[in-house]
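Some notes on the structure that comes next.
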């Protein structure tokens with residue numbers, strides 16, 4: 001169960017990373033693009049770190 005939750009968190013983190021980069025080719029302002037990219041990268045990184053922390057007790 002912990003492995004599934006760990007991989008799920010890491011998968012969600014990767015999805016957030018790619019979701020943030022999807023806004024880069026849009027025609028919106030540069031500040032909007034940077035805002036979306038920074039938010040999605042932060043959330044994605046947090047989710048990946050949480051997923052990795054869940055795997056530490058199994059090591």
### Query
Which members of segment 2-24 meet the condition of being crowded, with 17+ Cβ neighbours inside 10 Å and either touching a residue at least 40 places away in the same chain (Cβ under 8 Å) or not in a helix (DSSP H, G or I) (or both)?
6, 9, 10
### Query
Of all residues in segment 25-45, which are surrounded by fewer than 14 Cβ atoms within 10 Å (Cβ to Cβ) and either under 15 Å from residue 12 (Cα atoms) or touching a residue at least 60 places away in the same chain (Cβ under 8 Å) (or both)?
39, 42, 45
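Every read-out reported here was derived from the displayed coordinates using simple, explicitly stated rules and does not represent laboratory data. Small disclaimer: the values here were computed from a predicted structure and weren't measured. FYI the Cβ positions are ideal-geometry reconstructions off the backbone, even for glycines, and counts take in every protein chain you see.
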